Structure formats: structure tokens, C-alpha cells
1. Please determine whether any residue of the stretch 20-29 is surrounded by fewer than 13 Cβ atoms within 10 Å (Cβ to Cβ), outside any helix (DSSP H, G or I) and at pLDDT 90 or above.
2. Mind checking which residues of the stretch 151-206 are hydroxyl-bearing (Ser, Thr, Tyr) and either under 14 Å from Ile217 (Cβ atoms) or within 17 Å of the chain's Cα centre (by Cα) (or both)?
3. Of the residues Arg124, Arg139, Arg135, Arg115, which single one is of a type in the set (Lys, Arg) and without any contact (Cβ under 8 Å) to a residue 24 or more places away in the chain?
4. Among the residues of the stretch 31-53, how many are in contact (Cβ under 8 Å) with a residue 24 or more places away in the chain and under 18 Å from the mean Cα position of the chain (by Cα)?
5. Looking at the stretch 54-80, which of its residues are buried (at least 24 other Cβ atoms within 10 Å of the Cβ) and either touching a residue at least 60 places away in the same chain (Cβ under 8 Å) or farther than 13 Å from Ala31 by Cα (or both)?
Amino acid sequence: MKRILAAAVLILSGCASPPPPAPPVSQSRLAEAEVRAAAMVRAGEHAAAARYYDEALRIAVSIESPDAIAENAINLSIVSQWLGRDADARTALSSVLDNRRAVFPQRRILQAELRRAIVELAARNASGAAAWAQRAGERCAGSCEYAAAILNVQAQIALDAREHAQAARLAQSAAERARSRSDRAETANALRILGRARLALGEYPGAIDALKQALDIDRELADPRKILADLTDLSRASRAAGNRLAADEYGERALAVSRAVHDARGVAEMEAQLRRP
């Protein structure tokens, strides 16, 4: 009987699935760094997020994982830009754009090109932004998931160049493309740029309408930086339209958001705007 039981145990043991192997230590460290970075972003701790994304990028390079290198380089560039560290944002993206050894997915290269265009745009390098946006646009061929984002960058470039009518046309196209894909974030971005272009053109009711739509979406998405931008632009548009009461109301709301997100420059600018006669 004991021999029969022993045989049964051996048979059952052979049928059981072995436990899955533990992931390699480097993979576990990479995943942990990425999770911590994302948590820091949600908490608004951007400096800490940058440190964790930098750690994740170094681990990804050490294990030669092209997709992980690209993902963490792009995320590091985003938080570096939020921190005002444009040079660090460029350096992070160079891990993809200047890397001749790794073979990156085309989607990741396009993302990095688009990100570089955004970094150059924020740094007031219009020609650099246009060149990188063109590269991304050619890779996208007008039909990829980032088509609306590329159009938004091109619209902002036109707006910065005071080509207001062109900016409005590009932003309108971006909004239509984003809506067709149910991309609320890019829809809001397009509406914000459209509102700014219409404000510059003196089309105040149209500007206010577009900016209100952008604000509604950004509040649904709970994005404080975009909400602040919408409220600030609504204050300016309302003032330009002669509605001082609405301008002050939007300004006070923008001031509250600036203080909540510890945006010292935004606080100073909004306080100065509210003091204007």
C-alpha cells in the first residue's frame, strides 16, 4: 500500500505545473523603478520621478532592451521638461535619436522625434521644433495615432511665428483628427491652441468658446497644468472681450491652481495680471 501511495504521489507531482521562474533581477529592478517613477508623477513629485526614470533608463541600457530604453527616455524627457531642464530632456532623447546600435520600433522613434519637437518649441527654438515635427510627420505619413499631436505642434509653431490664421487652420484639423480617435487630451490641446489663435485674430467669442471646451476636457482628465493654461487664457480672452468680471474670476481660479501646484512663476504672472486696470 505504501508503495502504491508513493507511486501516486510521484504521478501527481509529475502532472503539477512547476512554479514560474522568477524574473531576472535586472528586470525586477527595472519594473520597480518604472512603478516608482509613475507614482511620483501622480503625486506631483517631478524631481523624484526624474531620478527613478533615469534609474530605469540606465537599467534598460544595461540589459539592451530597445523598447524599455525608448519608453524611459521619453518619460524622462517629459518630467525633465516640466522641471525646466531642457538640456536634460534633450540628453534623454538622445538615447533613442542618436543611438546607432539599438534597433528601436518605428513607433518609439516617432514618439522621440515628436517629443524633441515639443522640447525645442518650449525652448523657443522654432526652426528646430519645425524640423523635428517634420521628421515625425513624414514617419507618421498623416495616418498614425500621433497625427493630431503632430498637427498641434505645427499649429503652436505657427502661432509663435504670429501666423495666426495658419495656426487656427492647423489646430482645427488637429481637433478633428483627435476627435475621430476619441483622443481627449489632444482634442483639448487643439482647442487651446485654436482659442489662442482666435484671440490673436480678435475673434473673442470664438476664442472663449474653444477655451471653455478645452477646460471642460482638462477638468475631466484632472490635468492641473492644462487647467491652469486654460484658465489663464480664458482670463486674457475675457479681458480682451471687455468682460472684466469674468476675466478676474478666471484669474482668481488660475491663481488658486498655480498655488496648489507650487508654480511660483504662474503665481507672479497671474497676480500681475489681476492688478492690471
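The values are calculated or read from the model by the stated rules, or taken from the named source; none is laboratory data. Since the model is a prediction, treat every value here as computed from it, not as a measurement. Cβ sites come from the backbone with ideal geometry, for glycine too, and all protein chains shown count toward neighbours.
1. Checked against the condition, which is being surrounded by fewer than 13 Cβ atoms within 10 Å (Cβ to Cβ), outside any helix (DSSP H, G or I) and at pLDDT 90 or above, the stretch 20-29 yields no hits at all.
2. Correct list: Ser182, Thr187.
3. Residue meeting the stated conditions: Arg135.
4. Matching residues across the stretch 31-53 total 9.
5. Matches in the stretch 54-80: Ala70, Ala73, Leu76, Ser77, Val79, Ser80.
Yes/no per residue for (1) within 20 Å of Glu34 (Cβ to Cβ); (2) of a type in the set (S, T, N, Q):
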{"residue": "Ala68", "(1), (2)": "yes, no"}
{"residue": "Ile74", "(1), (2)": "yes, no"}
{"residue": "Ser80", "(1), (2)": "yes, yes"}
{"residue": "Ala87", "(1), (2)": "no, no"}
{"residue": "Arg101", "(1), (2)": "no, no"}
{"residue": "Arg107", "(1), (2)": "yes, no"}
{"residue": "Ala117", "(1), (2)": "no, no"}
